[in-house]
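Peer 1: Below you will find the structure I want to go over with you.
The values are calculated or read from the model by the stated rules, or taken from the named source; none is laboratory data. No experiment lies behind these values; they were computed from the predicted model shown. Cβ placement follows ideal geometry from the backbone for every residue including glycine, while neighbour counts extend to all protein chains displayed. Just so you know, the surface numbers come from the protein's heavy atoms only, side chains and all, with ligands and any DNA or RNA stripped out. Shrake-Rupley method; radii C 1.70, N 1.55, O 1.52, S 1.80 Å.
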2 protein chains.
Amino acid sequence: MPKKVDHDARRRELTDAVCRITLRAGLGSATFRQVAAEAGVSVNQVQYYFGTKEGLLEATQEHVGERSIERLMSWIEATDGSARAVLGAFLKSFVPVDEESRMAMLMYVALYTEGVVEAMGDPSANPTRKTEVEMMYATVLEQLQRGPLQKDVDAEAEATLLTALGPGVGLYVLDGTMTAESAYATVDHHLDRLFVT
Amino acid sequence: MPKKVDHDARRRELTDAVCRITLRAGLGSATFRQVAAEAGVSVNQVQYYFGTKEGLLEATQEHVGERSIERLMSWIEATDGSARAVLGAFLKSFVPVDEESRMAMLMYVALYTEGVVEAMGDPSANPTRKTEVEMMYATVLEQLQRGPLQKDVDAEAEATLLTALGPGVGLYVLDGTMTAESAYATVDHHLDRLFVT
DNA sequence: CGGTTTCTCATACAGACGTACTATAACAGC
DNA sequence: GCTGTTATAGTACGTCTGTATGAGAAACCG
């Protein structure tokens, strides 16, 4: 086996190029040629590592997802481990505050449409995201049940709301209609109401 | 002035074609040729009424926004006019339940990215959406202040949360990770907590 | 050291893209 | 009825797209 090359690393460099281009000029500008130029390689290398464009975009989505989870984990590790703090970290990880998180949120939205359209044609396709969100919901619910909660809080209903709140504020912060501070304040205010301090 | 033609109506037919194509195959498939074929007219007619592709997409976004507002108004008119009911209608209008609302939500997301990327390059550009959301927030706040609210409710903080909740649940329902019933229940549950019944 | 596999590049291709251009049909006003 | 504006269609152009192909460099195995 000649010329060992770290395929995963190479692929990641290329999907990173996709993200940078998308951030700068939109997903429509992420063509094979543009991606190759951005990464400083030949067009064929993109073909070689992904085969087709669909493969490139799928890998990009996957990598962005992994990055987001990593970022979430580092947020959680920075807390004291209380349910309240973990949920706060979870929700705040959706808020785009720096270049990286802004990129993650943008890629999420940019790739979202294609997934939805695809899923409409074939509802059985792409179960990844569905289970992903189900895991999100389960995690939120689990943390809520750790408590201590206020008396009249319905954990399951609140879990649904919190799961939707993350992307909701994320979108508004991304397009500049809400400041990150306001998003944080909203999250904190709501959690304050749920938990006994 | 020869051959009077209702320009607005013609333009709307064409932007409707854009929406149908996007729903079926994604925004990337909404090319001049495809749009012309979908509407049953010549390619040049699309050029004639919008000039450039950017013009076509801008008009599409505008039309979709108008449709959404119309739908929201009809939702509100079906209520008893109480603050609680109006807010419920407002939030539920984001939930895609039929072909039309699903299309509206999808178009919203599909066109969102380009707006964000554009706004990043020139933050002063595209103030439409910003004021749009500010109006949304103002409306929600206004309704909240009509009350009657529970004792310890911070109207401004809740207004921010509710404004983010609409698109949040809308996204999840659109991609099938949440049922419309669940979204409705979440909205109702939260409003129940805010208002004195 | 030769051979095989892995990698990289450059180029070619057919098709689709947005747009410009020209010509023709339809109506309004004199 | 003629004239000029408006609307529509058809087509051509240059560019860019994703992908296929062939040729060459690099490294491991025997």
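Peer 1: Do the conditions hold for B:Ala17, that is, is it in contact with a helix residue (DSSP H, G or I) (Cβ under 8 Å, 6 or more places away or on another chain) and away from DNA strand D (no atom under 15 Å from the Cβ)?
Peer 2: no
Peer 1: Please go through region A:140-154 and give me each residue that is part of a helix (DSSP H, G or I) and modelled with pLDDT of 90 or more, ordered by number.
Peer 2: Scanning region A:140-154 gives A:Val140, A:Leu141, A:Glu142, A:Gln143, A:Leu144, A:Gln145.
Peer 1: Could you pull out the residue among B:Glu58, B:Glu38, B:Glu70 that is loosely packed, with under 14 Cβ neighbours inside 10 Å and assigned to a helix (DSSP H, G or I)?
Peer 2: Answer to the check: B:Glu70.
Peer 1: Could you please let me know if B:Leu194 is within 11 Å of another protein chain (Cβ to nearest Cβ) and in contact with a strand residue (DSSP E or B) (Cβ under 7 Å, 6 or more places away or on another chain)?
Peer 2: yes
Peer 1: In this structure, is B:Glu100 in a helix (DSSP H, G or I), more than 15 Å from DNA strand D (Cβ to nearest atom), under 30 Å from A:Glu54 (Cβ atoms) and free of Cβ contacts under 8 Å to residues at least 40 places away in the same chain?
Peer 2: Spelling it out, B:Glu100 is indeed in a helix (DSSP H, G or I), more than 15 Å from DNA strand D (Cβ to nearest atom), under 30 Å from A:Glu54 (Cβ atoms) and free of Cβ contacts under 8 Å to residues at least 40 places away in the same chain.
Peer 1: For B:Leu87, which of the numbered conditions (1) out of contact with any Leu (no Cβ under 9 Å at 6 or more places or on another chain); (2) over 21 Å from B:His7 (Cβ atoms) fails to hold?
Peer 2: With (1) out of contact with any Leu (no Cβ under 9 Å at 6 or more places or on another chain); (2) over 21 Å from B:His7 (Cβ atoms) applied to B:Leu87, the lone miss is (1).
For every residue, the table says whether it meets (1) more than 14 Å from chain A (Cβ to nearest Cβ); (2) within 16 Å of DNA strand D (Cβ to nearest atom).
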{"position": "B:Gly28", "(1), (2)": "no, yes"}
{"position": "B:Glu38", "(1), (2)": "yes, yes"}
{"position": "B:Val41", "(1), (2)": "yes, yes"}
{"position": "B:Phe50", "(1), (2)": "yes, yes"}
{"position": "B:Glu66", "(1), (2)": "yes, no"}
{"position": "B:Arg71", "(1), (2)": "yes, no"}
{"position": "B:Asp80", "(1), (2)": "yes, no"}
{"position": "B:Ala89", "(1), (2)": "yes, no"}
{"position": "B:Phe94", "(1), (2)": "no, no"}
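Peer 1: Same structure, new question: In the list A:Arg33, A:Arg24, which residue meets the criterion of being farther than 30 Å from A:Phe90 by Cα and part of a helix (DSSP H, G or I)?
Peer 2: Answer to the selection: A:Arg33.
Peer 1: Just the residues that are touching a helix residue (DSSP H, G or I) at 6+ places or on another chain (Cβ under 9 Å), more than 7 Å from chain B (Cβ to nearest Cβ) and either among the β-branched types (Val, Ile, Thr) or open to solvent by 30 Å² or more (accessible area, probe 1.4 Å) (or both), please, taken from region A:166-184.
Peer 2: If the condition is that a residue be touching a helix residue (DSSP H, G or I) at 6+ places or on another chain (Cβ under 9 Å), more than 7 Å from chain B (Cβ to nearest Cβ) and either among the β-branched types (Val, Ile, Thr) or open to solvent by 30 Å² or more (accessible area, probe 1.4 Å) (or both), then A:Val173, A:Thr179, A:Tyr184 are the ones that fit.
Peer 1: Next question. Select from region B:120-152 the residues that are more than 19 Å from the chain's Cα centre (by Cα) and at the interface with chain A (Cβ under 9 Å from one of its Cβ atoms) and write down the one among them that is most open to solvent (accessible area, probe 1.4 Å).
Peer 2: This residue is B:Asp152.
Peer 1: Just checking, which of A:Tyr112, A:Tyr108, A:Tyr184, A:Tyr172 is within 30 Å of A:Ile21 (Cα to Cα), modelled with pLDDT of 95 or more and aromatic (Phe, Trp, Tyr)?
Peer 2: Within the list A:Tyr112, A:Tyr108, A:Tyr184, A:Tyr172, the selection yields A:Tyr184.
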